[in-house]
1. Would you check if there is a residue in the stretch 12-25 being modelled with pLDDT under 95, crowded, with 18+ Cβ neighbours inside 10 Å, not in a helix (DSSP H, G or I) and not aliphatic (A, V, I, L, M)?
2. Could you tell me how many of the residues in the stretch 411-429 are in a helix (DSSP H, G or I) and open to solvent by less than 40 Å² (accessible area, probe 1.4 Å)?
3. Any residue at all in the stretch 265-280 that is among the basic types (K, R) and free of Cβ contacts under 8 Å to residues at least 12 places away in the same chain?
4. Could you list, in sequence order, the residues of the stretch 149-185 that are among the charged types (D, E, K, R), buried (at least 16 other Cβ atoms within 10 Å of the Cβ) and closer than 16 Å to M1 by Cβ?
5. Run down T370, T393, T341 and say which single residue is more than 24 Å from the chain's Cα centre (by Cα) and within 23 Å of R427 (Cα to Cα).
6. Out of the stretch 410-425, which residues are without any contact (Cβ under 8 Å) to a residue 24 or more places away in the chain and hydroxyl-bearing (S, T, Y)?
7. What residue, among those in the stretch 273-323 that are more than 22 Å from the chain's Cα centre (by Cα) and among the polar types (S, T, N, Q), is surrounded by the fewest Cβ atoms within 10 Å (Cβ to Cβ)?
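The values are calculated or read from the model by the stated rules, or taken from the named source; none is laboratory data. These numbers come from a predicted model, not from an experiment. So basically every Cβ, Gly included, is an ideal-geometry build from the backbone, and we count neighbours across all protein chains shown. The accessibility values were calculated without ligands, DNA or RNA, using every heavy atom of the protein model including side chains. Shrake-Rupley method; radii C 1.70, N 1.55, O 1.52, S 1.80 Å.
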Amino acid sequence: MKVMKFGGTSVGSPERMKNVCKLITASGEPTFIVLSAMSGTTNSLVEISNYLYKKNPEGANEVINNLEKKYMGHVEELYSTEEYKDKTRDFLRGEFDYLRSFTKDLFTSFEEKSIVAQGEIMSTNMVVNYLQECGVKAVLLNALDFMRTDKNAEPDPAYIKEKLAAVLEENEGYQIYITQGFICRNAYGEIDNLQRGGSDYSASLIGAALPAEEIQIWTDIDGMHNNDPRIVNKTQAIHQLNFEEAAELAYFGAKILHPTCVQPAKYAGIPVRLKNTLDPSAEGTIIDNVIVRGKIKAVAAKDNITAIKIKSSRMLLATGFLRKVFEIFESYQTPIDMIATSEVGVSMSIDNDSHLNEIVDELKKYGTVTVDADMCIVCVVGDLDWSNLGFETLATDALKNIPVRMISYGGSNYNISFLIKESDKKRALQSLSDVLFNNN
């Protein structure tokens, strides 16, 4: 069985829902579908929550009414029979009455997550009703019956596998199984969500639990590109990536995939394929455990980076200096992206500057501190083991006209990272494409 995940833009209108239904029924084989909320819905639900936090039920009700009107319009476009129009309208009225109930009672953070969860619940019900109207043997499985996180707010794979197997046993013989992405219950049974990776994470966890033969992530882009197509000319979709390469690209700026969401598939050895709903015939990108030796695959960039340098003669031959520096970042829960050291100095980069002033104040106990804002990390990804002669030279030669603040090489066999000014990002990415992929 394959797992297919469709994001909010893929089910963002009645017409797109119909196109998704054509895609998932084309093979005629049993398929497991994971759906996001319709695009824009989650933002509206968050807006409702914000009004409720501000004790403004009138504002919340206005957003609820506008959203209900929008969804009732979708019903007219999506269904052709009065039976399924009435069935879906009744369901949606219940949903919006449920949302209105929060405007009358005390509002808590757990209720916020209950509100936000309704987007996925509405989209999956609408798609299942459409499939059933078309005569497809489809069933809706409630993600809250089997998706759960543990006390550390991490997915509980053993629980997911056990409960999902039981749910599927109760619903044998269907062609299409549909469930919600993103939402789950926490260890205490409360409605929660997976946060990082969202619906992609749900698809990967479900694929590992089944186990699936393949996990497909459908978006509006034909796979992961070898550079950012928004700002670089002549980019191409990458045919194949290793899981490690995909994680590096996702972490360093490739927005099509969250770095954590493929981990369950990686450990289960299940390939993940990135596909385009607007061009289903496009091959897309396959992500698996295969390593293609001696090849540079792609370039990515991560914005909003801050560089911090601490210089101190006390660091020379001193033990414990780096530990003290790292403990400061740890105490403010601020991860470090890149690091470079010398005899008397250490430079680091961070992408979260919410505690920057406090961190700098603490670091000044140990030396002179300088800060560079508006920086960018450019990452070259592929099989970059040190034995592949010349790869690092190609990358640095492409950036010969770009001022580089810091270089990270050797910490991973899959990337070389350069810290540059954000204002130089476009030139750097284009130059890397020209040298590494376009033979210029």
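1. Yes, the stretch 12-25 has at least one match.
2. 4
3. So far as the stretch 265-280 goes, no, none of its residues is among the basic types (K, R) and free of Cβ contacts under 8 Å to residues at least 12 places away in the same chain.
4. Taking the stretch 149-185 first, the residues among the charged types (D, E, K, R) are 150-151, 154, 156, 161-163, 169-170, 172, 185.
Filter once more, keeping what is buried (at least 16 other Cβ atoms within 10 Å of the Cβ): 156, 161, 163, 185.
Within the stretch 149-185, just K161 meets the criteria.
5. T393
6. Of everything in the stretch 410-425, nothing turns out to be without any contact (Cβ under 8 Å) to a residue 24 or more places away in the chain and hydroxyl-bearing (S, T, Y).
7. T319
Let's see how each residue does on (1) under 20 Å from A138 (Cα atoms); (2) of a type in the set (D, E, K, R); (3) without any contact (Cβ under 8 Å) to a residue 60 or more places away in the chain:
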{"residue": "V34", "(1), (2), (3)": "yes, no, no"}
{"residue": "V46", "(1), (2), (3)": "no, no, no"}
{"residue": "E76", "(1), (2), (3)": "no, yes, yes"}
{"residue": "E82", "(1), (2), (3)": "yes, yes, yes"}
{"residue": "T88", "(1), (2), (3)": "yes, no, yes"}
{"residue": "F91", "(1), (2), (3)": "yes, no, yes"}
{"residue": "K104", "(1), (2), (3)": "no, yes, yes"}
